[in-house]
Amino acid sequence: MSAVEERRPVQARSASEPPTLLLLKGPPGTGKSTIANQIGRRLAWPVVDKDVVRDLLPDELGGLSYEAMLELATRQLANGLSVIADSPLGYGRAYRRAIEIGHTRGAHVLVLECICSDATEWRRRIEQRADKGMAAHHTTDWAGIEAFRERTAGDPFEVDVPTLIVDNVAPPDETMDRVLLWLDASRRGGLTRGRVGASRRASAGSAAHAASGCPVDRLIPGSPRVARSTAQPPRKRRHTPGADGARS
């Protein structure tokens, strides 16, 4: 990819265009915060991180972190600002509340779902967290991933807004420009679903996504063009917690 393609600008939002509520989604350790902060810097969108909110709450009030994150996001939308809500989005109630907020504020609601198709790399990232002095509620071992799956399994939901799956095996810099292109096209109604990031091998999540029958608008690696699929119109994709590397 040429330097010109790598820095292809995303068209700025006009004053009359609705703001965007971008919901991050995915299990711990899949690169959500890294990519959320990169998007925030590139587009000047505020990032509201659930974990930062949770760090400020006592344990007995930890369950309020999703509500607090979404309330902060609502304030940004009310001011006409696009905003990024960074969380695992593992619970149906949180997703439904986010959709309600987006509709109430007249915002575009998009989901950016992060996975890591290399299980060895994913485990390494999780275990590295133990050396960073994170608060106890952060997931710092693989047992925490399993516990997360169990917690979220009881509140399944279907994602029914435009969604991009980002495989963060590679460094985020390698996919950021394509993510920005997808955001720009989705806000203008040009794309529904997509995937970026070259997996070393197919993950359970990608298999589940393919089996759902959803058409994929794929941003082709090495090309600024958008390839549109010829599949049937999208169906709702059921959230399936517990699939390795894909659902939360």
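The values are calculated or read from the model by the stated rules, or taken from the named source; none is laboratory data. Not measured: the values here are computed from a predicted model. Cβ coordinates were reconstructed from backbone atoms using ideal geometry, including for glycine residues, and neighbour counts include every protein chain displayed.
Tabulated values for the structure
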quantity	calculated
Residues located in segment 102-127, provided they are in a helix (DSSP H, G or I) and buried (at least 20 other Cβ atoms within 10 Å of the Cβ)	GLY102, TRP122, ILE126
Filter result for the condition that a residue is crowded, with 17+ Cβ neighbours inside 10 Å and touching a strand residue (DSSP E or B) at 6+ places or on another chain (Cβ under 8 Å), over LEU164, LEU180	LEU164
Test: residue in segment 36-46 that is outside any strand (DSSP E or B), out of contact with any strand residue (DSSP E or B) (no Cβ under 9 Å at 6 or more places or on another chain) and over 14 Å from PRO172 (Cβ atoms)	yes
Of all residues making up segment 130-172, the number that are modelled with pLDDT under 90 and β-branched (Val, Ile, Thr)	3
Subset of segment 128-147 [assigned to a helix (DSSP H, G or I) and either within 19 Å of GLY31 (Cβ to Cβ) or in contact with a strand residue (DSSP E or B) (Cβ under 7 Å, 6 or more places away or on another chain) (or both)]	GLN128, ARG129, ALA130, ASP131, LYS132, TRP142, GLY144, ILE145
Failed criterion for VAL52 (all others in (1) buried (at least 17 other Cβ atoms within 10 Å of the Cβ); (2) among the β-branched types (Val, Ile, Thr); (3) over 22 Å from LEU164 (Cα atoms) hold)	(1)
Residue check for ARG75: of a type outside the set (A, V, I, L, M, F, W, C) and under 18 Å from the mean Cα position of the chain (by Cα)	no
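Yes/no per residue for (1) free of Cβ contacts under 8 Å to residues at least 12 places away in the same chain; (2) not hydrophobic (A, V, I, L, M, F, W, C):
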| site | (1), (2) |
| --- | --- |
| ASP131 | yes, yes |
| HIS137 | no, yes |
| ILE145 | no, no |
| ARG149 | no, yes |
| ASP155 | no, yes |
| ASN168 | no, yes |
| PRO172 | no, yes |
| ARG178 | no, yes |
| LEU181 | no, no |
